[in-house]
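Asker: First the structure, which I've put down as structure tokens, then a few questions once you've had a look.
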Amino acid sequence: MACQQKVLSLKEIDDILNADDFFDSDNEDDNNGPIDIVELPPEQVDEMSDNEDIDDNIIYDNIIDDEEPSDVLAFAEIHHATGNNEPAIGVDQSALSTSTAMTDSGPPPTKKRMMTLTSNWKKRQPSYSKVYPNADDVQRRSALICELQGKSPVDCFEKIFDDTIVSNIVKQTVIYATQKNVHDIQVSNECIRKFIGILLFIGYHSLPQEQLYWCEDEDMDVQCVRQCMSRNRYLQIKWYLHVSDNSELESIAPQERDKLFKIRPIIDQQNEKFLQYGVFSENVSIDEQMVRYYGHYYLKQFIRGKPIRFGFKQWAICCSETGYCYQMQVYEGKARDGDDPAMTGLGSSVVLKIISILETPEVHKVYFDNFFTGFALMKHLQDVGVRATGTAQFNRMNKCPIATDKEMKKKNKGAYDYRFDMKNEILAVTWNDKSCVRLLSNHEPIEPVSQLKRWSRTEKKDVLVPQPRLITEYNTHMGGVDKMD
């Protein structure tokens, strides 16, 4: 039986999610968990189209809320940690447009079957049986120091964005121009480098419109851009810029085409360079990030409550100490392949895929937030020799009998409760700070307990409160992706 689907705009969806009566659950985790509105690409897209419905002359970095771009027709996912064991992924929640309604007569999606793990929770100090080796990267680090020592920032950038990438851009740009019956375009490696340099400059030197960078008025004169490249030359390169050959798509069925075909070569080449010039730190963190974009493109997404709300969403794994990025993966919507029944959930699949780049996973400690963390994931990572720690939703801790938020709020600040799964060797801890924090770990201890300052409303002064070791370690090492941003 066909069902009518109401067509909503992104703004209307956001208003619904922000309404006080949206949640009907009494579970505090359900009500307070993060909600992401993710605009999905269509199942079959017109990969051959290279035109965007956007005014290229407007610098969208300065856009304000009242000037947000209109929506394009697409489906959306609502990502929210619910009472299930893994994040719920809503499918086809709405279509984003102001046009007519849509119909869907297909059968409802089949729910993935989930493997059940049994636990033996005890209030005991953790005792782990697995022994992990120490990281030994001295030799590789020394080799990179010799190669990069004394290099300027531009030299280091060209190590990542090297001649191979630039030459491919030149080649594909000329091919695309020829396909458009423009045979007199002249593009060189040096020309593309200048073009990329102007783009980077525009990224931090903002003017209301792009063409104003060639304006000679006293209050807007940007001499370095005018001397680098003429405006018409810049616009010509921008119009025909390509990194992939469209003709290669003709032999591929629409449903099998890579949704990132247009930029896949440069993504893969950049990731290879990140690995080539990066030394894996013992501590790495996994998180999501947004790349700002206001044009009309089928991979553009809207994430509620983020500093950058419109753009491309991607996952990144970074060094916890320096923020160096080892790998980026652009989110493309629903995966084509089914997930492992024990690993159901977007967060788990992202972690398992992105840690596959680690040369020796057993020497690293991985940190991630409650979008990714689940008991089944922690157990699986332990089985494959990966140490992991992450904040967790209460209802994704495999029925751990740990103190609830209501019980913890009645205690003093700094109070904590813990349970250790004797069977699976997973530690669960909840700690009362400004709000209750819950973590799962397959390797961290509770002790030694450190002391930190917190303001006491009753005593009107700073007081020392205890903080378990795994909380300290998580706070220290989780911010790698934020440092990169």
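Asker: Identify all residues within region 433-472 that are closer than 27 Å to L381 by Cβ, assigned to a strand (DSSP E or B) and of a type outside the set (K, R); write none if there are none.
Answerer: C436, V437, L439, L440, S441, S450, Q467, listed by residue number.
Asker: Take S281 and tell me if it is in a helix (DSSP H, G or I), in contact (Cβ under 8 Å) with a residue 24 or more places away in the chain and of a type in the set (G, A, S).
Answerer: no
Asker: Would you pick out the residues in region 212-223 that are surrounded by 12 or more Cβ atoms within 10 Å (Cβ to Cβ) and modelled with pLDDT of 90 or more?
Answerer: Within region 212-223, L212, Y213, W214, C215, V222 meet the criteria.
Asker: Name every residue in region 426-437 that is buried (at least 18 other Cβ atoms within 10 Å of the Cβ) and either on the phi > 0 side of the Ramachandran plot or of a type outside the set (A, V, I, L, M) (or both), in order of residue number.
Answerer: T430, W431, N432, C436
Asker: Considering only residues of region 395-421 that are in contact with a strand residue (DSSP E or B) (Cβ under 6 Å, 6 or more places away or on another chain) and more than 19 Å from R124 (Cβ to Cβ), which is surrounded by the fewest Cβ atoms within 10 Å (Cβ to Cβ)?
Answerer: The selected residue is K411.
The rows are residues; the columns are (1) surrounded by 12 or more Cβ atoms within 10 Å (Cβ to Cβ); (2) at pLDDT below 90; (3) under 22 Å from V170 (Cβ atoms); (4) among the aromatic types (F, W, Y).
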site	(1), (2), (3), (4)
F195	yes, no, yes, yes
V225	yes, no, yes, no
C228	yes, no, yes, no
R233	yes, no, yes, no
L241	yes, no, yes, no
S244	yes, no, yes, no
R257	yes, yes, no, no
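Asker: For region 298-307, state whether one or more residues are surrounded by fewer than 17 Cβ atoms within 10 Å (Cβ to Cβ), free of Cβ contacts under 8 Å to residues at least 24 places away in the same chain and assigned to a loop (DSSP other than H, G, I, E, B).
Answerer: Yes, region 298-307 contains a residue that is surrounded by fewer than 17 Cβ atoms within 10 Å (Cβ to Cβ), free of Cβ contacts under 8 Å to residues at least 24 places away in the same chain and assigned to a loop (DSSP other than H, G, I, E, B).
Asker: Is region 409-430 home to any residue that is aromatic (F, W, Y) and within 22 Å of S129 (Cα to Cα)?
Answerer: yes
The values are calculated or read from the model by the stated rules, or taken from the named source; none is laboratory data. The structure presented is a predicted model; accordingly, all values stated were derived computationally and were not measured. When we count neighbours, we look across all protein chains shown, and the Cβ atoms used for this are built from the backbone with ideal geometry, even at glycine.
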